[in-house]
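Take a look at the structure set out below.
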Amino acid sequence: MFSPTLLPFPQIETPRLVLRQLTEEDTPQMFFMRSDPEMMKHVKRPLHQSHEESFAFINMINNNVDENRGLTWGICQHGQKEIMGTIAIWRFDNENYRGEVGYQLMTQWQGKGYMTEAMHHVIAFAHNTLKLHTLVGHTDPDNPATPKVLLQNGFRQEGHTRQDYLFEGVFYDTVSFGLVLPEWASSGTKIADR
């Protein structure tokens, strides 16, 4: 059975990015992302109303790490302290060696390949270090950007579930993607390719 040990927190460096643990200093950027209706329209979670709420969210994320339930990295450019977004592996299914990916990037950084780059390295970490067998990602069918990142990293669309998610009194569809990590590893995809 999959039994991860997520400490010490695994920092990941890519050619342009540092993926690091979130801290209290990231509260303003987290609040900016989680309180912006445009940035949250595909996330289907309540908007943050205060910096205190965003700080509590960061603490919850870090408690997940402490309890081996998930990893969320803050995404920064090399030499910068402020996060541009986040990327996570969470909702571990220990019996089936599976994790779910999730990510969010501030609007001004979108369309520059940053999330695709971060995802590539997170997938490699999931395979090489965590020894997961599969990763899944769930998206809003009205969001074209999120599936693009998954598909560029080898995920395949595996389903479209109608009205399976209730948020604020409305049922929403979910599009599901999956990646079998041994297949990804044997496909010739290498970290050096990015």
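Long-range amide H contacts for TYR165: which residues qualify at under 5 Å (H placed 1.01 Å from N, peptide plane, sequence gap of 5 or more or a different chain)?
TYR172
Can you compute 3J(HN,Hα) from phi for each residue in the stretch 157-169, using the Karplus curve 6.51 cos²θ - 1.76 cosθ + 1.60 with θ = phi - 60°, rounded to whole Hz and x for Gly and Pro?
So the J values, rounded to whole Hz, are 5, 10, x, 9, 9, 7, 6, 9, 10, 9, 9, 6, x.
For the stretch 127-179, what is the convex hull volume of its Cα atoms per residue in Å³?
94
Let me have the relative contact order for the chain, percent, based on Cα pairs under 8 Å that are six or more residues apart.
Relative contact order comes out at 18 percent.
Only loop residues by DSSP count here, and only those with at most 15 other Cβ atoms within 10 Å; note down the GluC sites (Glu not before Pro) in the stretch 96-194 that meet that. Walk me through the numbers before you get to the answer.
Values: sites: GLU100, GLU117, GLU158, GLU168, GLU183; in loops: GLU168.
Those that pass, being in a loop and sparsely packed, are GLU168.
From the P(r) of the stretch 25-112, could you give the percentage of C-alpha pairs in the tail past 21 Å? Walk me through the numbers on the way to the answer.
Working: 1237 of 3828 pairs.
I get 32 percent for the Cα pairs in the stretch 25-112 exceeding 21 Å.
Out of the trypsin sites (Lys or Arg not before Pro) in the stretch 60-143, which ones are loop residues according to DSSP with at most 15 other C-beta atoms within 10 Å? Walk me through the intermediate numbers first.
Details: sites: ARG69, LYS81, ARG91, ARG98, LYS112, LYS131; in loops: ARG69, LYS81, LYS112, LYS131.
Answer in residue order: ARG69, LYS81, LYS112, LYS131.
Are there GluC sites (Glu not before Pro) in the stretch 6-97 that DSSP puts in a loop and that have at most 14 other Cβ atoms within 10 Å, and which ones? Could you put the intermediate results ahead of the total?
On the way: sites: GLU13, GLU24, GLU25, GLU38, GLU52, GLU53, GLU67, GLU82, GLU95; in loops: GLU67, GLU82.
Qualifying residues, ordered by number: GLU67, GLU82.
Starting from the amide H of GLY74, placed 1.01 Å from N in the peptide plane, find each other amide H under 5 Å away whose residue is 5 or more places distant or on another chain.
Those qualifying (amide H under 5 Å, at least 5 residues apart or on another chain) are ARG20, GLN21, LEU22.
Where a number appears in this text, it was derived from the coordinates with a stated rule and is not lab data. Computed from a prediction, not measured in an experiment: that's the story for all the values here. We place every Cβ from the backbone using ideal geometry, glycine too, and count neighbours over all the protein chains shown.
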